[in-house]
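J.: Dumping the structure here so I can ask a few things about it.
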Amino acid sequence: MTTAAFNLALRNPSTFILPKSPNPTKLRVCTLRCSSATANVVPGLSERPWKTSDARLVLEDGSIWRAKSFGASGTQVGEVVFNTSLTGYQEILTDPSYAGQFVLMTNPHIGNTGVNFDDEESKQCFLGGLVIRSLSISTSNWRCAETLGDYLAERNIMGIYDVDTRAITRRLRQDGSLVGVLSTEESKTDEELLEMSRLWDIVGVDLISGVSCKEPYEWVDKTNSEWEFNYSGRDGEAFHVVAYDFGIKHNILRRLASHGCKITVVPSTWPASEILKRKPDGVLFSNGPGDPSAVPYAVETVKEILGKVPVFGICMGHQLLGQALGGKTFKMKFGHHGGNHPVRNLHSGHVEISAQNHNYAVDPASLPEGVEVTHVNLNDGSCAGLAYPAQNIMSLQYHPEASPGPRDSDYAFGEFINLMKKVKVNA
């Protein structure tokens, strides 16, 4: 511990004479000299009791953001996106659709409820890193099992805090999503990290294959009765749904199971012919990360299934359906990420508060005749839902299972059930 000792010394008195004064006045002038002396260092108290900046976020535009680290250490590259959700950071961490991305939370205070193992949307964290303004120093929630920092460290996920998230968000809104590099390694120069960010690209990369299951499995878990809110429309009739795992969230499967479905989950590369051999009542194309144009094999699978059984697409599944129907998709400026996006249902006129997470969208002008836009995002007018009644197709760009409303969009699962029921009756 360093202490400062101030040694005051009085120089020899000097005389200062004002030259223009008729009666020279003698002034006593003293000089104050300060010096520091280091006392003996007390063991255990030599370091500062607070954490100092030990991490950097370097963006491809050349900006460098100093921060403090938590979770894992090292160097990681990813696309930086901002999420406007006020809560639900654990669901975000375990959403496979964030593979290859750093998620910046616009809500400044993160970590105060800790984490629990009931709210996970998959069995691991797939995002590249978490960027927040303020990390809570304590947790307070009756379901809390451990702190956010410990949770990330155990899963080898990097996080940074004490960084100006508002300024970064403004930059992303102005310039669009940017590739960045997170690093806690002092040996790497800013120039090296900048070069890494400019050499990496997420466009055209197949991220689905890295998050999909490897073998088919049966899903049986329903929504916990404590959180269940929809008990209507269940007459005991069970429908067999095959769900393509492009990065599927557990809550999608729970909601289907709660609506009386028997669910078989299959990998993203599972042949359509094998699906049709099972004679399912319906097929779900799930959410997933990245660029739909980077997975042409998935588009071909969707094409082979269309018109043969009722289908429901969510998020990535919605985009794959758009391409399979002959439409085009495009990369958005900064995407939609958050739990507060207003969507209008064009059939009912109702406005739903939706949870969204996507960087790509379907161009409605490119869709063939007969395909109708059923939902529109009220923030930017982008396509948020499709239907093709002639082939028993429905899709949503957002997440009806996430329930930020909280019940605004759960009806979509009921509509899928009714679609399968109609086809079964008319078969």
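The values are calculated or read from the model by the stated rules, or taken from the named source; none is laboratory data. Remember, it's a predicted structure, so these values are computed and weren't measured experimentally. Glycine gets a Cβ as well: all are built from the backbone with ideal geometry, and neighbour counts include every protein chain shown. When the accessible area is computed, the model is the full protein with side chains, heavy atoms only, and any ligands, DNA or RNA have been set aside. Shrake-Rupley method; radii C 1.70, N 1.55, O 1.52, S 1.80 Å.
J.: Looking at region 183-283, which trypsin sites (Lys or Arg not before Pro) are in a loop (DSSP not H, G, I, E or B) and have at most 11 other Cβ atoms within 10 Å? Walk me through the numbers on the way to the answer.
T.: Details: sites: 188, 198, 214, 222, 234, 249, 254, 255, 262, 277, 278; in loops: 188, 214, 222, 234, 249, 278.
Listed in order of number, the matching sites are 214.
J.: Going 7 Å from the Cα of residue 294 in the Cα-to-Cβ direction, what parts of region 63-92 have a backbone nitrogen less than 15 Å from that spot?
T.: It comes to 77-81, nothing else.
J.: Continuing with this model, one more query. Net charge within 10 Å of residue 290 by Cβ-Cβ distance, Lys/Arg positive one each and Asp/Glu negative one each, not counting residue 290 itself? Numbers along the way, then the final one.
T.: Values: positive: none; negative: 79, 206, 291.
Local charge sum for residue 290: -3.
J.: What does the charge count near residue 189 come to, summing +1 for each Lys or Arg and -1 for each Asp or Glu among other residues with Cβ under 12 Å from its Cβ? Please report the intermediate quantities before stating the final value.
T.: Details: positive: 56, 188; negative: 185, 186, 190, 191, 192, 195.
With Lys, Arg at +1 and Asp, Glu at -1, the net is -4.
J.: Under a crude label model (7 Å from the Cα following the beta-carbon direction), how far is residue 195 from residue 174 in nanometres?
T.: Placing both labels 7 Å beyond Cα along the Cβ direction yields 2.8 nm.
J.: Leaving out ligands and nucleic acids, note down the accessible area per residue over the chain with a 1.4 angstrom probe, in whole Å².
T.: Working: 20780 Å² over 427 residues.
Per residue, the chain has 49 Å² of solvent-accessible surface.
J.: Rounded to the nearest percent, how much of the accessible area of the chain (1.4 Å probe, protein heavy atoms only) is carbon and sulfur?
T.: Values: 10550 of 20780 Å².
Accessible surface attributable to carbon and sulfur in the chain totals 51 percent.
J.: Report the FRET efficiency, 1/(1 + (r/R0)^6), for residue 353 and residue 425, where r is their Cβ-Cβ distance and R0 is 41 Å, rounded to 0.05. Walk me through the numbers before you get to the answer.
T.: Details: r = 34 Å, r/R0 = 0.82.
With a Förster radius of 41 Å, E is 0.75.
J.: Once you keep just the Cα pairs under 8 angstrom separated by 6 or more residues, what percentage relative contact order results for region 208-425? Present the calculation step by step, with values, prior to reporting the outcome.
T.: Numbers: 471 pairs, mean separation 39.6, N = 218.
For region 208-425, the relative contact order is 18 percent.
J.: Once ligands and nucleic acids are excluded and a 1.4 Å probe is used, how much of residue 270 is accessible, expressed in Å² to the nearest 10?
T.: Probe radius 1.4 Å; accessible area of residue 270 about 60 Å².
J.: What is the dipole size for region 53-199, taken about its Cα centre, with +1 at each Lys and Arg Cβ and -1 at each Asp and Glu Cβ, in debye to the nearest 20?
T.: Working: 13 positive and 22 negative charges, 83 e Å.
In debye, rounded to 20, region 53-199 gives about 400.
J.: While we're here: Using a cut-off of under 15 Å, list every residue of region 105-136 whose amide N is near the label point 7 Å from the Cα of residue 156 along the Cα-to-beta-carbon line.
T.: Residues 124-129 qualify, since their backbone N sits under 15 Å from the label point.
J.: Quick check on the chain: helices-only [θ] at 222 nm, where DSSP H runs of length 4 and up contribute -39,500 (n - 2.57) each and the sum goes over total residues. Nearest 500, please. Could you put the intermediate results ahead of the total?
T.: Working: 9 runs with 83 residues, N = 427.
After summing the helix terms and dividing by the residues of the chain, the value is -5500 deg cm²/dmol.
J.: Magnitude of the Cβ-charge dipole of the chain, K/R +1 and D/E -1, about the Cα centre, nearest 20 debye? Let's see the in-between values first.
T.: Details: 40 positive and 47 negative charges, 340 e Å.
So the magnitude is around 1640 debye.
J.: Still on this structure, I have one more. Points 7 angstrom from Cα along the Cβ direction at residue 328 and residue 225: gap in nanometres?
T.: For the pair residue 328/residue 225, the computed spacing is 5.4 nm.
J.: A further question follows. State, as an integer percentage, the relative contact order of the chain based on alpha-carbon contacts under 8 Å between residues 6 or more apart.
T.: 13
J.: In this model, which of 214/308; 249/279; 51/333; 262/308; 123/421 are farther than 29 Å apart at the alpha-carbon? Let's see the in-between values first.
T.: Details: 214/308 25 Å; 249/279 24 Å; 51/333 35 Å; 262/308 19 Å; 123/421 32 Å.
Distance filter (> 29 Å) returns 51/333; 123/421.
J.: Have a look at 130, 290, 213 and report the one farthest towards the positive end of the charge dipole of the chain, computed about the Cα centre with Cβ charges (Lys/Arg +1, Asp/Glu -1).
T.: 130
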